[in-house]
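Accompanying notes for the structure given below.
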Amino acid sequence: MLTIFNHDLNVSEFAQSILDATPVVSICWSVDLQPLACNAEALRLFGVGTRDEFIQHFDSFSPTCQASGEVSHVVAQHYLQQALMVGQSHFLFTHQHRNGDPIPCEVIIKRLTFQNTTFVISFTFDLRDKLAMQENMMRAESDITARDRLLIGVNEVAKLLMSDLDTPFDTAVWQSLKTLGECAKVDRVYIWKNRIIHGKLHCSQVFEWSGGATPQQGADFTIDLPYDEVIPGWEVNFRHGKSVNALVRDLSESERAQLEPQDILSILVMPIYLNNNFWGFIGFDDCKSERLFTKSEESILMSGALLIATALLRNDITSSLIAAKEEALQSTASKSIFLANMSHEIRTPMNAIIGMLTIAQKTDDADKIQDCLYKINKAANYLLGIVNDILDMSKMDAKKLALINRNFYVQNLFNTVESMMQDRFDSKGQSFQIMLDPKLPKEICTDELRITQVLTNLLSNAQKFTPEGGNIALTATVNSLTQQECEILFCVKDTGIGIEKARQDSLFKAFEQADWTISQRFGGTGLGLNISQHIVTLAGGNIWVESDVDCGSSFYFTIKVAHGISVAETPISEEIAYDFTNRRMLIVDDVEINREIVLALLEETGAHIDCAENGSIALQMVKESPHLYDLIFMDVQMPVMDGLTATAHIRALDTPWSKTVPIIAMTANVFAEDVERCLQAGMNDHLPKPFTYDTLVGKAYFHLHKH
């Protein structure tokens with residue numbers, strides 16, 4: 001039989017091998033509670049080099065009991081004695097390793113009897129791995145609890161933003177931030193939105209909830225902050241989808257300078273992307289503890305942030321749609337009023353024309369007929385002005401209104417305006433002054449006709465809304481002057497009825513007037529100022545008004561013009577004797593009354609005139625009699641062959657005359673593209689219908705003498 005222990009309790013090599021094979025700390029004790037043997041695990045746990053050292057000096061490194069706090073072998077002997085008496089014992093203690101590390105342990109002691117010899121064996125379990133596992137499990141349970149809490153919070157946010165239609169939107173967003181903040185156990189939650197200012201990305205706070213911290217909302221540092229100046233590096237991180245999840249003390253100096261004054265200890269800031277665009281960011285501040293947010297917390301909080309940001313975007317779109325709807329309804333109402341007013345404005349001069357024609361037809365009184373013709377002419381010119389305004393509005397809507405810049409003398413511009421307006425001022429006994437800055441260039445390059453249109457629009461309004469005997473002044477001053485360019489400031493000032501401040505914003509809108517009741521008292525379509533604004537904008541300037549009720553009005557506008565190159569000056573008042581004797585002209589128009597008007601207007605010039613009813617007949621006439629005609633007036637829209645086609649065929653004839661004979665378009669097509677098509681077809685000029693004697697004969701005179 002194998003002997004394990006002899007009477008002197010010596011441990012055999014076999015017994016020692018069994019102890020060493022045991023994976024836990026194992027110690028063999030005598031009945032007098034002295035250590036007899038131990039395994040290698042015991043040496044490792046107690047930090048002892050040899051078994052002899054362990055056995056001889058055990059008292060010097062015996063454990064401390066976790067339960068009682070008593071020291072050394074007293075506690076150990078108590079539990080060893082208990083095991084001898086009852087067969088086993090069990091206790092916990094925290095052993096301090098020789099290097100100072102605390103080691104939590106669990107001890108199980110068993111009594112054994114072998115060959116009439118009694119002894120005890122203790123088994124000591126190192127609890128560090130077990131406690132670490134328990135700690136990890138607790139942490140995991142805590143993470144799961146936190147995750148569940150956040151998921152419930154995000155679900156609540158979804159309900160707030162998508163289901164509760166009775167809650168005001170701002171209240172729902174604030175409540176959503178509060179819900180996320182409380183679920184994340186933070187002290188402050190905020191949303192910042194991006195916008196571009198002067199080419200740089202800025203952000204400003206749009207919503208905030210603050211629980212246990214001082215609110216940021218409304219402070220200077222929450223409005224239009226440039227990323228690159230205030231929080232450098234954040235924009236780059238956000239554009240790469242990276243969050244800022246950190247203890248504030250670990251951040252850069254510039255970041256701490258922004259965050260520490262707000263008492264922030266821990267921060268999580270995440271970028272928000274909507275439709276693949278960097279929209280802004282959401283932030284969570286912990287002002288009471290230092291902690292890093294877990295990845296699951298980040299992910300869930302981002303879901304909540306996206307819900308809020310999407311709701312913000314949806315609300316913006318909804319608000320825009322509502323505003324657009326209201327604007328459309330307002331525009332519809334304005335257009336309805338405008339159309340009613342326009343009908344009145346058109347029918348009034350038409351009524352005058354028809355009425356005066358009827359009166360003239362029923363009288364033989366020459367003076368009465370002349371008076372009727374004068375009033376017909378006045379009404380027709382007014383009607384033509386309305387038609388021109390409507391055409392200009394159509395050009396603006398089609399983005400076809402453009403300036404035709406030419407060199408001209410500045411003085412001629414003001415001479416033209418004065419000649420057009422003086423009679424109207426005289427009719428109401430109003431004084432009219434023109435004051436020019438002596439620094440104005442003598443010659444400029446811009447669209448003289450369009451600038452004249454703006455000035456006459458403003459002066460017509462001044463004349464209309466200024467009572468009899470009032471004063472009206474036109475001034476032009478130099479705002480800035482360089483070698484290449486000059487900015488001119490115009491002002492039309494009157495002593496009229498003035499305009500309320502609240503109504504001034506609508507002055508320059510299409511189809512609107514400051515007060516529609518004004519049109520009932522003074523007339524007008526309400527288009528002139530909108531057209532004027534468009535022209536001024538094309539000229540690189542601005543237009544505005546300064547006015548108050550019963551204090552008159554001052555309309556200002558600026559334009560930028562180039563310095564003009566010398567032009568041949570023709571005084572406005574110069575009279576030209578139109579004598580076209582020995583000149584032959586061809587009038588091509590399918591409407592008989594139009595041919596009759598041209599024949600009547602040219603009759604006193606001495607010209608010989610032939611007529612053709614369409615382009616085909618005109619082409620045949622010039623083929624049969626080449627070199628006969630000195631000038632051709634050509635309508636554009638005609639049956640059989642239109643004017644553009646007829647012109648192209650004439651230019652294609654194999655004669656020198658066909659290449660040089662002046663061909664002037666005579667048409668009601670007046671848009672810029674219409675003029676361009678005429679020129680491309682080979683015509684020399686464009687005469688818009690309706691035309692006056694001066695414009696018709698003037699065009700003929702210019703081209704006959706040019707050739």
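Exactly one of (1) more than 25 Å from the chain's Cα centre (by Cα); (2) open to solvent by less than 40 Å² (accessible area, probe 1.4 Å) is unmet by Q258. Its number?
So the condition that Q258 fails would be (2).
Filter the stretch 296-307 down to residues that are touching a residue at least 40 places away in the same chain (Cβ under 8 Å) and out of contact with any strand residue (DSSP E or B) (no Cβ under 6 Å at 6 or more places or on another chain) and give me whichever is surrounded by the fewest Cβ atoms within 10 Å (Cβ to Cβ).
S296
Against the definition (more than 28 Å from N388 (Cα to Cα), modelled with pLDDT under 95, among the charged types (D, E, K, R) and surrounded by fewer than 19 Cβ atoms within 10 Å (Cβ to Cβ)), how does E596 come out, yes or no?
no
With modelled with pLDDT under 75 and open to solvent by less than 80 Å² (accessible area, probe 1.4 Å) as the only criterion, which of D392, D397 stands out?
Result of the check over D392, D397: D392.
Test of understanding: among F278, F293, which residue is among the aromatic types (F, W, Y), touching a strand residue (DSSP E or B) at 6+ places or on another chain (Cβ under 9 Å), surrounded by fewer than 19 Cβ atoms within 10 Å (Cβ to Cβ) and not in a helix (DSSP H, G or I)?
Of F278, F293, the one residue that is among the aromatic types (F, W, Y), touching a strand residue (DSSP E or B) at 6+ places or on another chain (Cβ under 9 Å), surrounded by fewer than 19 Cβ atoms within 10 Å (Cβ to Cβ) and not in a helix (DSSP H, G or I) is F278.
State yes or no: is I444 open to solvent by less than 30 Å² (accessible area, probe 1.4 Å) and within 44 Å of the chain's Cα centre (by Cα)?
yes
Is there any pair with a first residue in the stretch 184-205 that is in contact (Cβ under 8 Å) with a residue 40 or more places away in the chain and over 11 Å from D286 (Cβ atoms) and a second that is hydrophobic (A, V, I, L, M, F, W, C) and open to solvent by 40 Å² or more (accessible area, probe 1.4 Å) whose Cβ atoms are under 6 Å apart and which are 6 or more apart or on different chains, and what are they?
Listed by first residue and then by second, the contacts come to I191/V206; K193/V206.
Taking A700 as the residue in question, decide whether it is in contact with a Cys (Cβ under 9 Å, 6 or more places away or on another chain) and modelled with pLDDT of 90 or more.
Criteria not met by A700.
Going residue by residue through the stretch 632-642, is there one that turns out to be of a type outside the set (D, E), out of contact with any Ser or Thr (no Cβ under 7 Å at 6 or more places or on another chain) and at pLDDT 95 or above?
Checked against the condition, which is being of a type outside the set (D, E), out of contact with any Ser or Thr (no Cβ under 7 Å at 6 or more places or on another chain) and at pLDDT 95 or above, the stretch 632-642 yields at least one hit.
Before we move on, is S204 closer than 18 Å to L301 by Cα and either polar (S, T, N, Q) or at pLDDT 85 or above (or both)?
No; evaluated as a whole, the condition is false for this residue.
Check L474 against each of (1) open to solvent by less than 10 Å² (accessible area, probe 1.4 Å); (2) under 37 Å from the mean Cα position of the chain (by Cα); (3) within 23 Å of A562 (Cβ to Cβ) and name the one condition it does not meet.
Condition not satisfied by L474: (2).
Are any residues in the stretch 652-688 of a type in the set (D, E, K, R) and surrounded by 14 or more Cβ atoms within 10 Å (Cβ to Cβ), and if so, which ones?
D674, R677, D685
Residue under question is L601, and the condition is that it be surrounded by 13 or more Cβ atoms within 10 Å (Cβ to Cβ), in contact (Cβ under 8 Å) with a residue 24 or more places away in the chain and part of a helix (DSSP H, G or I); does it hold?
It is true that L601 is surrounded by 13 or more Cβ atoms within 10 Å (Cβ to Cβ), in contact (Cβ under 8 Å) with a residue 24 or more places away in the chain and part of a helix (DSSP H, G or I).
Table: residues versus (1) open to solvent by 50 Å² or more (accessible area, probe 1.4 Å); (2) modelled with pLDDT under 75; (3) within 30 Å of F46 (Cα to Cα).
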{"residue": "E135", "(1), (2), (3)": "yes, yes, yes"}
{"residue": "M138", "(1), (2), (3)": "yes, yes, yes"}
{"residue": "S142", "(1), (2), (3)": "yes, yes, no"}
{"residue": "L151", "(1), (2), (3)": "yes, yes, no"}
{"residue": "E156", "(1), (2), (3)": "yes, no, no"}
{"residue": "L160", "(1), (2), (3)": "no, yes, no"}
{"residue": "L165", "(1), (2), (3)": "yes, yes, no"}
{"residue": "T171", "(1), (2), (3)": "yes, no, no"}
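State yes or no: is A42 within 20 Å of L127 (Cβ to Cβ), modelled with pLDDT of 80 or more and either open to solvent by less than 20 Å² (accessible area, probe 1.4 Å) or not in a helix (DSSP H, G or I) (or both)?
Here the answer is yes, as A42 does meet what is asked.
Mind checking which residues of the stretch 281-290 are open to solvent by less than 30 Å² (accessible area, probe 1.4 Å) and among the charged types (D, E, K, R)?
D285, D286 - these are the residues of the stretch 281-290 that are open to solvent by less than 30 Å² (accessible area, probe 1.4 Å) and among the charged types (D, E, K, R).
Which count do you get for residues in the stretch 68-101 that are open to solvent by 80 Å² or more (accessible area, probe 1.4 Å), at pLDDT below 75 and assigned to a strand (DSSP E or B)?
Counting residues in the stretch 68-101 that are open to solvent by 80 Å² or more (accessible area, probe 1.4 Å), at pLDDT below 75 and assigned to a strand (DSSP E or B) gives 2.
The values are calculated or read from the model by the stated rules, or taken from the named source; none is laboratory data. Source: prediction; values computed, not measured. With ideal geometry, Cβ positions are generated from the backbone for all residues, glycine too; neighbour counts draw on all protein chains shown. In case anyone asks, the SASA skips ligands and DNA or RNA and just uses the protein heavy atoms, side chains included. Shrake-Rupley method; radii C 1.70, N 1.55, O 1.52, S 1.80 Å.
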